[in-house]
Amino acid sequence: MKHYEWHLLNKKPYLILALVSATLPLAFSFFFRLLGVDAPTALGPFPLTLSISIPAAITLFIATIYVSWMVSHGVVYDYLPDKRNFLFSLPGGRTKVFRTKLHLHSALGAGAVSIGFWVSESIYCAVSGISLLTPLLYAVVLAISVFSMAIISACVGVLFGSTRATVLNGIIWACLVPNTLANSGPVWVSLIAGSGMALLCLAVAATLATIARRRIRTIDCF
């Protein structure tokens, strides 16, 4: 990535996202612990699902909407045909900048959420005597989900030519995926269901990204 491309990105929102992801799950986990819902089960180191999976679902819900909002302004807004950006003046400029910024936004969003959540829940698991493998697995699911849904949201915005479509799409996914994590029973069932949904998001993201790139290349020809 070139110097000017890196400075196109406002990194402050991702620091905020990481901070929220590092504090919110911990607060909710201890709240559920006070309610007595994290007693050990026959699954060994895995606790009941509420003390970890619901904080994961809440974090993913907020992160999905927040990252969708960020890509709507940081990626889609610069793409829209009625906007003019000096980086788009050369043939192929739209395609290059769109791909660069989209991948960067998606990766930073996924990284901020997963690292923040992993740090937060690792503290909770260490205090509660729960295996540290549990928050790590959830962090992986969150990373794949946020990365995929950021790409999906941006591509929807590009295809429909609207930043509102981007955010609306993010809200829809934020209602579907976290619900899978929070309502799938014990932790191992929740992880399997969440992983399946994350991989589905990744497949949808790959499909929409291919379609969006073709549309951008068409515009680049003019």
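For segment 128-170, the extents of the C-alpha atoms along the principal axes are 49, 14, 8 Å, listed from largest to smallest.
Per-residue Cβ neighbour counts within 10 Å put T163, T207 in the sequence T207, T163, beginning with the fewest.
For F160, F117, F30, F147, the sequence from fewest to most other C-beta atoms within 10 Å is F160, F30, F147, F117.
Readers should treat all values here as calculations from the given coordinates under stated rules, not as data from a laboratory. Computed from a predicted model, the values in this text were never measured in an experiment. With ideal geometry, Cβ positions are generated from the backbone for all residues, glycine too; neighbour counts draw on all protein chains shown.
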